[in-house]
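See below for the structure under consideration.
Readers should treat all values here as calculations from the given coordinates under stated rules, not as data from a laboratory. It should be emphasised that the depicted structure is a prediction, and the values quoted were computed from it without experimental measurement. Note: ideal-geometry Cβ built from the backbone for every residue, glycine included; neighbour counts use all protein chains shown.
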Amino acid sequence: MEIEWVTHDEITRFHSSSYCFGKCDGIYYLTGTGPGMVEAGLRTLSEGEGPDGKIPGVRPRAKLALSRWLDQAINPEPIMFWAGLAQSAKAVALNFFDEDMDVIGFGIEEHYVDANNTRQVLVEEYPVFVHFQWSDVGPLKIVPMQVRNSGQRADKARWNSYVKGEGIDPNMAMSREYWTENLPPVWVSVPEPNVLDVSVYVYDRAGHRSESVELLNPDRK
């Protein structure tokens, strides 16, 4: 792994985030707390420390991410740590690990029983990050969403247009405000025990996808 230390001012030539830890043009650029930051964070999760480490299923996924981080290869498959409703179901929070930093979206899998007592499965993918990238192998992303409560579906025409960049100003794409304003609607149902199960995965440009994890609802006790 080739590593180069740079200052914050230097890294802003490539990225607009307030800090950076990741790969650019084949080199891992480091600022802020240094090369041990990712390893330390993954060890914390893998040992079950902190609020995130106590979420069911996070520890083994963090151990897998740590083993991949410590090997000499760039592993392209993303690993989802957890996903949850945020801001009173106005957003969905995604915490995942992706060494080559090319995740472009997330998928929603909803399992429910319809009015005819038939088991149904709804799967939708939202390429929300196709124009909004970052410089971190382990990002926590907050995506604005709307609650699916009347059978709403993703508007495929709008999403296809968005992916093509129609009407998107590339000079503004890294602005969170601009991103939020131009993102087509993201529909997510609120999970209900024994009624509606919702799980989430992330996927990248090459078609790799993480395993699905249960969508957490912190408002439900």
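Brief remarks on what is shown
- Dipole check for region 77-167: with +1 at the C-beta of Lys and Arg, -1 at the C-beta of Asp and Glu, and the Cα centre as origin, the magnitude is about 520 Debye.
- Against the empirical curve 2.2 N^0.38 Å, the C-alpha radius of gyration of region 52-184 lands at a ratio of 1.19.
- In whole percents, the pair-distance distribution calculated for region 157-216 from its alpha-carbon pairs, binned every 5 Å from zero, is 4, 14, 16, 17, 21, 16, 9, 3, 1, 0.
- Ascending count of other beta-carbon atoms within 10 Å, so fewest first, for Val121, Val113, Val137, Val186: Val121, Val113, Val186, Val137
- Region 123-190: C-alpha gyration tensor shape, a/c 1.5 cut-off, then a/b vs b/c: oblate
- Along the axis of the charge dipole computed for region 142-221 (Cβ charges of +1 for Lys and Arg, -1 for Asp and Glu, origin at the Cα centre), the listed residues Tyr178, Asn160, Tyr203 are led at the positive end by Asn160.
- Sorted by Cβ neighbour density within 10 Å, fewest at the top, the residues Ile104, Ile142: Ile142, Ile104
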